[in-house]
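Any read-out appearing in this document is the output of simple, stated calculations on the displayed coordinates, not a laboratory observation. Please read these numbers as outputs of a predicted model, since none were measured by experiment. Don't worry about glycine lacking a Cβ; one is built from the backbone with ideal geometry, like all the others, and counts go over all protein chains shown.
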Amino acid sequence: MKYVKDDKRQQKRLAKIIQKMATSPHVAVGILQDEPITGRFSMVDLATVHEYGSKDGRIPERSFMRSTCDAKRTKHIKLAGLLQSKIIDGKLSIKQALTQLGEVVEKDMVQTINRGIRPVLKPATIKRKKGSSKPLIDTGHLKGFIKHEVRGVS
C-alpha cells in the first residue's frame, strides 16, 4: 500500500506557482522593435507587409510567423506541456521555461525563412539580388530582428 505524505511546504510552493501562472506570464516572439530603420518605415512595417502581402498586391504574402506557428503547433504545444511539468516539479522557474519556449519558436521562425517561403521571387528580383532566389533573405536584417521577450514575470 502506498502512502502520500501531506507536505505543507510543497502545497505552498505549488500554490505560489499557480498564482504566478494566473497573472498571464507569456513570451512574445517575432519582430518586437518598432523603431524606424529608415525615415519611411520600421522593421515591424516590413515584417507586416511580408506576413500579409501589400495592399496593392505587388508584394505577395510570405508568412514566416503564422506559417511557422501553424506548422510547428504540435511541437510547441508538446514543449509547453513538458516545460509546465518542469515548473510544477520545481526544476524550472516560469521565466526559465518561457525563455526556453521563446528560443525554440524564434529559431523555428528563422529556419522557416532559411528554407525559403513561397511564392518564389520574380526573375527581376532574383537578378537584383545577384542570384539569390530565397525570399526575405536579401540583407538578413529581418531574420536578425526576430526575437523573444518574456513578459508578465518578475
Distant-in-sequence amide H partners of Ser42 (H built 1.01 Å from N, under 5 Å): Ile37
Largest-first ellipsoid semi-axes for region 16-86, taking √(5λ) over the Cα gyration tensor eigenvalues, angstrom: 33, 17, 8
Of Lys12/Lys91; Lys16/Lys75; Lys16/Lys91; Lys20/Lys147, those spanning more than 20 Å from alpha-carbon to alpha-carbon: Lys16/Lys75; Lys20/Lys147
Computed log₁₀ I(q)/I(0) - Debye formula, equal Cα scatterers, no solvent, region 23-151, q 0.14 Å⁻¹: -0.69
Test item: Cα-centred dipole of region 5-96, Lys/Arg +1 and Asp/Glu -1 on Cβ, debye: 760 debye
Extension gain (nm, one decimal) between Thr74 and Gln96, 0.36 nm per residue minus Cα-Cα: 5.8 nm
